[in-house]
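Following: one structure in structure tokens, then a few remarks.
Values quoted throughout were computed directly from the atomic coordinates according to the rules given, and no laboratory measurement underlies them. Since the structure is predicted, the reported quantities are computational estimates derived from the model, not experimental observations. No Cβ is skipped: glycine too gets one built from the backbone with ideal geometry, and neighbour counts run over all protein chains shown.
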Amino acid sequence: MNTHRLWYTKPADELPPVDLSELTCSELAYDEPLSAWETYALPVGNAYMGAMVYGSMPHERIQFNEKTLWTGGPGSKEGYRFGHVPGGAAHLDAIRALLLDGKKDAAMDLAGRHLVGEQNGFGSYQNFGEIFIRHKGMGTYTAYERGLDLDGAVESVAYEAGGARFRREVFCSYPDHVLAIRLTADAPGALDVEIGLVGAQDGAETVAADGGLVLSGAVPDNGLAYEARLAVAAHNGMLAWGKDTAVIHGASELVLLMSCGTDYRNAYPHYRGEHPRGDIAARLHDAGQMGWDTLLRRHQEDHRALYRECALSLREAEKAADMPTDALLRAYRSEPSAGLESLMFHYGRYLLIASSRPGTLPANLQGVWNASNTPAWCGDYHFDINLQMNYWPADITGLAECSEPLVDYIESLMEPGGGTARLYFGSERGWVVNTMNNPFGFTAPGWRFTWGWAPNSNAFIAMNLWEKYLFSRKEEDLRRLYPMLRGTALFWLDFLTVDTDGTLVSSPSFSPEHGLCEKGCAMDQQLAWFALTATHEAAATLRVDEALQAEIASAVERLSPPLRIGRWGQLQEWKDDLDDPEDTHRHISQVAALYPGCQINRTTRAFMDAARVSLLGRGDASTGWSRAWKTCLWARLLDGGHAYRLLRGQLQTCTYPNLFDTHPPFQIDGNFGYVAGVCEMLVHSHMGMIELLPALPSAWPDGHLRGVRARGGFRLDIRWARGVLAEAAIYSSGGHDCVVRTDVPESQCLDIRDGQGRSVPVALMADGGHSFATEKGETYRVSLR
Ligand code: FUC
């Protein structure tokens, strides 16, 4: 049985609508009815394009996207100034002076009027269109099943009708950049279908031309040119063209290839490149020449090279394979099962591979999938937690390649972000982003101060970049990332200001989406600390920028402490002790230093305790991403039981039957955060040491995590039984020294052997760490003695 598969016995649009009240995740009012697209259709993608397959009967519907199809940006009807309303920085000093005077309301009022961007031309991510496959004369059907094989990255629909067995297969190839669809029937000539291609933009036109269907147009808002082409190849049937359809009669196999694109190019300030027509035609030509089998083989080789890098097996997970996924999820509400828990892990990795590959924009709020022209939060790049979370699972689960688009994107934001730093923050040297960003260099604060002012976003995302280096530990990676880190540190050096106590604070500062208008909220201070210390370490490693290192060192000394313990034992969210113990807001920014940061760790017990108090205060119930974050946080607190409770709750209350995570609506960050949460429960490496099974929940007594990465260039296989380590293999890709520990009774130590089975010399450390030298390319086996 395939434990890497989602499957259903009905088409997406014939399953009972998901009732929002069954999902208790929302703390925000949401009353849109949930569509079959969102809850039951299944995704394929190659990161450029994404498609949602309904498996509808008798007619198939495949909705598709292309990641660059956006409204807004240069040329948009509303006008576009990258969100900048000139003159913001002119008010900065006055607002800061009010805050120094304790006049918070007046500061907030002024900030609300001036420290905002404008929405004009922000735009939103668009729906591209749908492919229709209309079957003629199909009567009743039986033996229906549709599924998504995560390992093969192929979606299939199978059924019987009129004595013949039919099959539809769909995949989206990254190497050949096409969406490929095959229809087959085991009775000769049983396929009688009409194919249509319909655009979702006003003014989109489809014509039958050049042996295919061509959908083209320009986005009415900004003139962005787009095109989709669909090629049809029928075996032993008759193919005829209508005005905008292809009609196939009497075929037994039909292959459809579709590719699409726009003239968007991520290049400031115009963001336009070539018309996509030539590239699309060439791709379709090449893919058509290759034929189905070759295309499929190339697609699967490409996908599996990433997908098979990492896998989780939990005891009794196979049981899940017998149950359709919607039933599995339903059953899980009353009886949690390891099968769904591991399937969700694999699905998260599948989704990242399908929505983020080199050469594409990063995965947005819905990855690459979106059926609306007015999606929630514009389907954008949100920097106050969401984009960061999208990439938490990348490097740690062997998908470093998938976070390349993030690096490219951040690099592309440095120039517009330099403008924002100057205009709003008085920083001449750095770059900044705020809460909402689009693919057109919108780096300004949002159009409301209370959610839009988020300068720590640059440091928050720089954390992803720095982590990328920590995992690979390759100097060439650090060289590439360094300018982004450096620009972030320079921003903070410029923006930090002196408080009444002589320390350096961010001002004004607003704890993400939560408030208050203050000086030095915890998250700003923590992330400023991170940006400064990481840049310092990077500069020292690369032996560059000595003067900057000195400037940073002195600023770090004067920084107002990022971690403070308040009156009820909590980790303070603000510099003043203002936290309300009843506050259950989904953002819990004050513990960013626990995860994804690591300023709070085993060696700072008092802050660990305070973080625990804050987490307990906020409670578990929340939206999908918030739960996923809390899973990671509880795992960092070494409390596997609580981390597991969060993860279980996410599956029970924030997950649709197609396993999309929901806010609601569908938001992919929770899918990715889930994967990161599982990893944090099973391995830590943020303190210069690999900790095996640091937060193993009792619900997972036996298991195996293969291919997980640890910082320092290590790849691990970890097996455990009855709640303790059975064996781990540590592959060293860089030959760096390794320190490993796991919780074992005091009398026991670890047995560490090299590839030839020889014991390696180990230095035992006070904290239980076993330190040993590694050789590049060698694998070491770790077990209990
Ligand atoms: C942040 C969150 C919201 C939502 C949005 C996309 O603003 O506070 O809950 O996830 O991003």
Please list, by residue number, everything in the stretch 379-423 whose backbone N is under 20 Å from a paramagnetic label point 7 Å out along Cα→Cβ of Asn120.
416-417, 419-423
On C-alpha positions alone, give me the angle between the axis of helix 475-495 and the longest principal axis of the chain, in degrees, nearest 10.
60
By how many degrees, between 0 and 90 and to the nearest 10, does the Cα long axis of helix 338-355 differ from the longest principal axis of the chain?
80
Quick one: P(r) of the chain from all Cα-Cα pairs, 10 Å bins, percents rounded to integers, in order of increasing distance.
3, 14, 23, 25, 19, 11, 4, 1, 0
Under a plain spin-label model, where a point goes 7 Å from the Cα along Cα-to-Cβ, how far apart in nm are Met765 and Glu14?
6.0
In the structure shown, of Lys575/Lys630; Lys10/Lys136; Lys468/Lys519; Lys468/Lys630, the pairs separated by more than 25 angstrom at the C-alpha atoms are Lys468/Lys519
Return the aspartates and glutamates within reach of Lys67: Cα separation strictly under 14 angstrom, same-chain partners fewer than 8 residues apart disregarded; answer none if there are no such residues.
Glu227, Asp263, Asp380
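Take the Cα pairs of the stretch 101-204, get the Kirkwood Rh, then feed it into Stokes-Einstein at 37 °C and 0.692 mPa s and tell me D in µm²/s. Show your work: numbers first, answer last.
Values: Rh = 18.7 Å.
The calculation lands on 175 µm²/s.
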Between Glu582 and Glu316, what is the spin-label point distance in nm, taking each point 7 Å from the Cα along the Cα→C-beta axis?
4.1
For the stretch 136-180, what mean projected area does the convex hull of the alpha carbons give, in nm²?
4.0
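Using Cα pairs closer than 8 Å and at least 6 residues apart in sequence, work out the relative contact order for the chain, in percent. Show your work: numbers first, answer last.
Working: 1882 pairs, mean separation 97.7, N = 785.
Normalised by residue count, the contact order of the chain is 12 percent.
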Determine which residues of the stretch 616-636 fall in the zone a paramagnetic label at Asp31 would reach in this model, i.e. backbone nitrogen under 15 Å from the point 7 Å along Cα→Cβ.
none
Sort out for me the Cα centre separation of the stretch 162-181 from the stretch 691-728, rounded to whole Å.
37
If each part is reduced to its alpha-carbon centroid, the stretch 586-648 and the stretch 743-785 end up apart, in Å, by 30
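What translational diffusion coefficient, to the nearest whole µm²/s, does the stretch 676-775 have by Stokes-Einstein, given a Kirkwood radius computed over alpha-carbon pairs, a temperature of 4 °C and 1.567 mPa s viscosity?
Numbers: Rh = 13.8 Å.
Roughly 94 µm²/s, to the nearest whole number.
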Set of lysines with alpha-carbon distance to Lys474 below 18 Å, sequence-local pairs under 8 removed
Lys776
For the chain, the longest principal axis of the Cα atoms and the Cα long axis of helix 457-472 enclose an angle in degrees, to the nearest 10, of 80
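What is the antiparallel percent of DSSP beta bridges lying wholly in the chain, to the nearest 5?
95
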